[in-house]
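The values are calculated or read from the model by the stated rules, or taken from the named source; none is laboratory data. Worth saying up front: this structure is predicted, and the values here are computed from it rather than measured. When we count neighbours, we look across all protein chains shown, and the Cβ atoms used for this are built from the backbone with ideal geometry, even at glycine. Each accessible area value is taken on the protein alone, full model and side chains, heavy atoms only, with ligands, DNA and RNA left out. Shrake-Rupley method; radii C 1.70, N 1.55, O 1.52, S 1.80 Å.
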Amino acid sequence: MSLPVKIIMIEDDEGHARLIERNIRRSGVNNEIIPFTNGTDAVKYLFGTDGSAVEHKDQALLILLDLNLPDMTGIDILKRIKDNSHIKCAPVVVLTTTDDEQEIKRCYELGCNVYITKPVNYESFANAIRQLGLFFSVIKVPPVNT
C-alpha cells in the first residue's frame, strides 16, 4: 500500500504559490500541499524540533523548492535535505526563475530530482505546472527512511 504524498511547497512569491497550487489541482492532484513562504519555517517543518527529521518517519514527501528565498537559499535547503538520512530520498523539484547553467548543474550534483525554470509568461507557467501535476500523479514516492 502506498502512502499519501505530502507536497511541501517552499515558494516566497504568493502569486506563484497560488498559481502552482491551482494548476496542480487542475491536473487532478488532490494531495495535501503544505506551503511555506520562507526557508526558516520550511526547515523547521522538515527537520523538526530536534533537527533530525525523524518526525516524518513513515511519511512520503515531495518537495517543491524555489531557490530564491528571502532568508536563505534553496541550495542550502537542498543540501540539508540530501545530507539527512531520514529525508534524503524525498524527491526535490527545483522550481525557480534561475536558468543559469552552473546553478542547474549544481542542483543536480546536490541531488535535486527535477529542475524547472519558471516561464515568465503566465499561460506558459500555468501550463508547465499542469504538466508537473500530471507528472506528480504518476510518480512513486518512497516513505522517508526510518
Which of the lysines could a cross-linker bridge to Lys57, judged by Cα under 16 Å and excluding same-chain residues fewer than eight apart? Lys6, Lys44, Lys82, Lys88
Give me the extension gain from Phe135 to Asp41: residue separation times 0.36 nm, minus the current Cα-Cα distance, reported in nm with one decimal. 31.2 nm
Per the 1/(1 + (r/R0)^6) rule, R0 = 25 Å and r from the Cβ atoms of Asp71 and Thr49, FRET efficiency to 0.05 is 0.85
So if I place +1 on the C-beta of Lys and Arg and -1 on the C-beta of Asp and Glu, and nothing else carries charge, what would the dipole magnitude of the stretch 39-81 be about its Cα centre? I want it in debye, nearest 20. 120
Any idea which of Val94, Val141, Leu19 is furthest toward the positive side of the dipole for the chain, if Lys and Arg beta-carbons carry +1 and Asp and Glu beta-carbons -1? Val141
Which of Leu78, Pro4, Ile33 sits closest to the plus end of the dipole of the chain, meaning its Cα is farthest towards the positive end, when Lys and Arg get +1 and Asp and Glu get -1 on the C-beta? Pro4
Percent relative contact order for the chain, counting Cα pairs under 8 Å at least six residues apart, stands at 30
With only helices counted (DSSP H, runs n ≥ 4, each -39500 (n - 2.57)), the per-residue ellipticity at 222 nm for the chain, to the nearest 500, works out to -12500 deg cm²/dmol
So how strong a dipole does the chain carry about its Cα centre when Lys and Arg Cβ are +1 and Asp and Glu Cβ are -1, to the nearest 20 debye? 580
Which distance in nm do the two modelled labels at Asp83 and Asp58 give, with both placed 7 Å along the Cα-to-Cβ direction? 3.0
Over the stretch 72-143, what is the mean sequence separation of C-alpha contacts under 8 Å (at least six apart), divided by residue count, expressed as relative contact order in percent? 31
Ranked order, Met72, Met9 - accessible area, probe 1.4 Å, largest first: Met72, Met9
Determine the share of the chain's accessible area contributed by carbon and sulfur atoms, expressed in whole percent, with a 1.4 angstrom probe. 50
What accessible area per residue comes out for the chain, rounded to a whole number of Å², with a 1.4 Å probe? 51
May I ask you to derive the relative contact order of the stretch 38-103, considering only C-alpha pairs under 8 Å and at least 6 residues apart, and to give it as an integer percent? 37
If I stretch the segment between Arg25 and Glu109 completely, what's the gain in nm (0.36 nm per residue apart, minus their alpha carbon distance), one decimal? 27.2 nm
For Cα extents along the principal axes in Å, calculated from these coordinates, the label among [x] 65, 32, 22; [y] 41, 35, 25; [z] 54, 33, 24: [y]
